[in-house]
1. Does region B:142-150 contain at least one residue that is touching a residue at least 12 places away in the same chain (Cβ under 8 Å) and under 30 Å from residue B:243 (Cβ atoms)?
2. Quick check: is even one residue across region A:303-316 within 17 Å of residue A:249 (Cβ to Cβ) and in a strand (DSSP E or B)?
3. Say whether the condition of being free of Cβ contacts under 8 Å to residues at least 60 places away in the same chain, facing another protein chain (nearest Cβ under 8 Å) and either in a loop (DSSP other than H, G, I, E, B) or over 20 Å from residue A:157 (Cβ atoms) (or both) is met by at least one residue in region A:93-105.
4. Looking only at region B:225-243, count every residue that is assigned to a helix (DSSP H, G or I) and either in contact with a helix residue (DSSP H, G or I) (Cβ under 7 Å, 6 or more places away or on another chain) or more than 7 Å from every other protein chain (Cβ to nearest Cβ) (or both) and tell me the total.
5. How many residues does region A:230-268 contain that are touching a helix residue (DSSP H, G or I) at 6+ places or on another chain (Cβ under 9 Å), farther than 24 Å from residue A:314 by Cβ and not in a helix (DSSP H, G or I)?
6. So is residue B:218 at pLDDT 95 or above and surrounded by 12 or more Cβ atoms within 10 Å (Cβ to Cβ) or not?
7. Which one of the conditions (1) out of contact with any strand residue (DSSP E or B) (no Cβ under 6 Å at 6 or more places or on another chain); (2) closer than 27 Å to residue A:31 by Cβ does residue A:153 fail to meet, given that it meets all the rest?
8. Go through region A:63-84 residue by residue and tally those that are closer than 19 Å to residue A:186 by Cβ and in contact (Cβ under 8 Å) with a residue 60 or more places away in the chain.
């Protein structure tokens, strides 16, 4: 089966800056694929390489088997939902959505009908006559989505589309995007710096850092079995344990990752476990996040709300299952 | 700052007024911002309202007076006689000539200005941007007359342009152009073509700057979005860039159009002996002493500009504002 998007040793250098550096990537057709990473990690440049706004300085890109280097954006059947939506301010919502069909020469009646249907799909029927300036952020986001989907792209690219929305709206849109993708079966490539968003929406996640892909896998792989310290720390702020520490508990001298929710905290001062001191508590509603100091090693634990907690500064004992200590591939 | 210093900070939470007239005025202005605004706007409003608009209305009123053809005295009775004089064939000729010239100059300025403005808004950064502003503004710093006389020398039969074309063996091209009716003449400096070239040169900065400002406000990702949605560069220009730059082009064209309509120096120095509106006004109020007709002539550009703006608005030129 041909990949929807395939990168082979793709690099994009801006002078001495290696925005994307020798990246290999295969995205399957119909997949919801997330590119996750901190800002400046190269994830957006990768998206722009697929869209055609950037050309690779080395390597080859193919989209559904066709070579994409040197092909301008307007000849790619790929559409983008921009971070700040990029709606045309001088056109009303309906003309914005119909724009792609208009430049392809689709007749007026037909394209306006298709645009109206696309607006219904994103649950904004009847908004066609308004100007983008009269819409809220969430509505603009839906219009941008409709404007891309009306062209029935082979791949839909989403560049942090939910970044500007408030929390409640973001959660709604996450669910909607996910179900829309299931219904339409279009390959979605989604760029985000929010690990929660990537884990909850994507079929597979690629974690980017410094222009390279650190790990690709299902959300569970990425979360439970990070292969490097960077991935462990960036995705879900895992406790990264140094080789010396890990050796004591697993016998192997490797870097380890221990999820904060796998750590149990008790106020016992003796017995099995890691002796530590409670440095601070962060109340998060459903859970409480504890900052711990285990003989100079800074650890975090997450405990359910309502758990009886020792006072700050007190000595505590930390225990965890050996299974939940994940050993990483990264050399010690 | 140490923690101890923060905790023992002796200053009170509310600071006392600074006292005196200045303190009282500052507090007053803060409490009543509109008062300050009125104070600041009063002088320019008086200037614009009384001196400027007032004299404009005085001028308009003059156009409804008439001149006694025997005595040359002005008859201060309201009449439309001057306007019927204005509509004589010779005067209509002047108006048509001026409006055509102004329209052509505006069109040419827009076509030349757009790429320059586009480069400045999209690509020029730092030093290059400074160079752009300098390059566009520099001609405005030197005397208008010096520039026009310089152009007279450039366009003259013995001038550098003829010399250059002769060196390039392209003199036949110039001769062919000059032998055309209306736009031609003995040399470029005594033809409408010469007048046109100098008008475009002199007013071009007034077109470049507003277009550049309009393009500067177009987010770059709109161009990307258009291309992403399948629009070729030409389609992106027609459907996105041009409509969004249109308010700037219209703003620039107000300058180029009205400045050409009113100018009387350029056509006098470079061009044929046929009059433009500005020259007609100049001779009517000067040598001919016919102030009412001169006033009626100046009403023409005002009316034309009014129609122009009304038409531009109806065509949606300001929708993207």
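The values are calculated or read from the model by the stated rules, or taken from the named source; none is laboratory data. Keep in mind it's a predicted model, so treat the numbers as computed, not measured. We place every Cβ from the backbone using ideal geometry, glycine too, and count neighbours over all the protein chains shown.
1. Initial filter on region B:142-150 (touching a residue at least 12 places away in the same chain (Cβ under 8 Å)): B:144-145, B:147-149.
Checking which are under 30 Å from residue B:243 (Cβ atoms) leaves us with none.
No, region B:142-150 has no match at all.
2. Restricting attention to region A:303-316, the residues satisfying the condition of being within 17 Å of residue A:249 (Cβ to Cβ) are none.
No - not one qualifying residue is present in region A:303-316.
3. Yes, region A:93-105 contains a residue that is free of Cβ contacts under 8 Å to residues at least 60 places away in the same chain, facing another protein chain (nearest Cβ under 8 Å) and either in a loop (DSSP other than H, G, I, E, B) or over 20 Å from residue A:157 (Cβ atoms) (or both).
4. So the first thing to find is which residues in region B:225-243 are assigned to a helix (DSSP H, G or I), and the list is B:225-228, B:233-243.
Next, only the ones that are either in contact with a helix residue (DSSP H, G or I) (Cβ under 7 Å, 6 or more places away or on another chain) or more than 7 Å from every other protein chain (Cβ to nearest Cβ) (or both) stay: B:226-228, B:233-242.
Qualifying residue count, region B:225-243: 13.
5. Residues that pass the stated criteria total 10.
6. Values: at pLDDT 95 or above: no; surrounded by 12 or more Cβ atoms within 10 Å (Cβ to Cβ): yes.
No: the conditions fail for residue B:218.
7. (1)
8. Total meeting the criteria: 9.
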